[in-house]
Amino acid sequence: MKFVDSKLFGRIHSPESIEELLTLVKQHTPERRNVYFWRGQSNIQWAIHSSAYRRLKRTMSEVTEWQMQHYEKHLLEHATHQGYRYDNSRNLTDLELLAKLQHHGAATRLIDFSRSIMVGLWFACSSEPEQAGLLFGFHSHFVGGGENRGGVTDYVEVFKEIENGNNPIVWHPPVVSKRIASQNAQFLYSQVVENSIGSLALSDSLDPYISINISPSFKKLALKELSETFDIHHLTLFPDIDGFGYASSFRFDEYQNERW
């Protein structure tokens, strides 16, 4: 298997097929269960940052935890005032509202991951076709929280939970939108830190994550196989009117969303 040198992630594997990718993941830490949370980014030069961090960096030279909390509390207050907290005959919790806002384009500290490696691969391939992408897998041994657990949902309590943590917290959101279900969504969040690969808190333990280069040639091959074999494409990952409208826009050929 090929290796490439990357600025942020060092010397990493660069598979050229889905078969090579799955073999690589199985061999990463064979003594542990093979459960990761996957994030795909279409440019390997991008660090692992939340969208809120990137938004705040537009006007700030340094983003602190205090600034992040101030921003998100204001976002929650504004969204509540606009009536977006009430959904399906009930009021959403703070984390549920942040998740809903995130999936409609708002910037929050929640970082999108998926329980499915194939969904992560699609996001790594879905844009920037001439650039190498990143498939990033964070091992489940190095996170707080758990699968199918509600977790802390009040914003003040969320802050207390992450205040002294060296690991990110994983949160499995309830299905407050079709996108969350179709993308096997899992969110990771932590206090704001500065490390070599981004602003997400990372364990100093051995091999908490795996970084994989997705070459432009593999992007093209993977998108074809993901659509034809796994039925993973824009319409299935964004099964709402916004996703339908985007997939029916000038960005796509007339029959590109049809598999046969």
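The values are calculated or read from the model by the stated rules, or taken from the named source; none is laboratory data. Predicted model only: the values in this text are computed from it and were never measured. Note that each Cβ is placed from the backbone with ideal geometry, even for glycine, and that neighbours are counted across all protein chains shown. The area values use the complete protein model at the heavy-atom level, side chains included, leaving out ligands, DNA and RNA. Shrake-Rupley method; radii C 1.70, N 1.55, O 1.52, S 1.80 Å.
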Contacts under 7 angstrom Cβ, first residue in the range 125-145 being β-branched (Val, Ile, Thr), partner assigned to a loop (DSSP other than H, G, I, E, B), 6 or more apart: 143/167; 143/168
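Could you pull out the residue among 61, 126 that is surrounded by fewer than 23 Cβ atoms within 10 Å (Cβ to Cβ), among the small types (Gly, Ala, Ser) and more than 19 Å from residue 199 (Cα to Cα)?
Details: 61 fails: more than 19 Å from residue 199 (Cα to Cα).
None of the others qualify; the one that does is 126.
Scan the range 23-45 for residues that are in a loop (DSSP other than H, G, I, E, B) and either surrounded by fewer than 16 Cβ atoms within 10 Å (Cβ to Cβ) or of a type in the set (Gly, Ala, Ser) (or both) and report the count.
At the first step, the residues of the range 23-45 found to be in a loop (DSSP other than H, G, I, E, B) are 29-35, 42-45.
Now narrow it down to the ones that are either surrounded by fewer than 16 Cβ atoms within 10 Å (Cβ to Cβ) or of a type in the set (Gly, Ala, Ser) (or both): 30-35, 42-43, 45.
Counting residues in the range 23-45 that are in a loop (DSSP other than H, G, I, E, B) and either surrounded by fewer than 16 Cβ atoms within 10 Å (Cβ to Cβ) or of a type in the set (Gly, Ala, Ser) (or both) gives 9.
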Residue, nearest to residue 63 (Cα to Cα), within the range 153-175, restricted to residues that are buried (at least 19 other Cβ atoms within 10 Å of the Cβ) and modelled with pLDDT under 80: 162
Cβ-Cβ under 9 Å pairs, at least 6 apart or on other chains, the range 41-69 side farther than 14 Å from residue 108 by Cα, far side open to solvent by 40 Å² or more (accessible area, probe 1.4 Å) and outside any loop (DSSP other than H, G, I, E, B): 41/123; 42/123; 44/4; 60/67
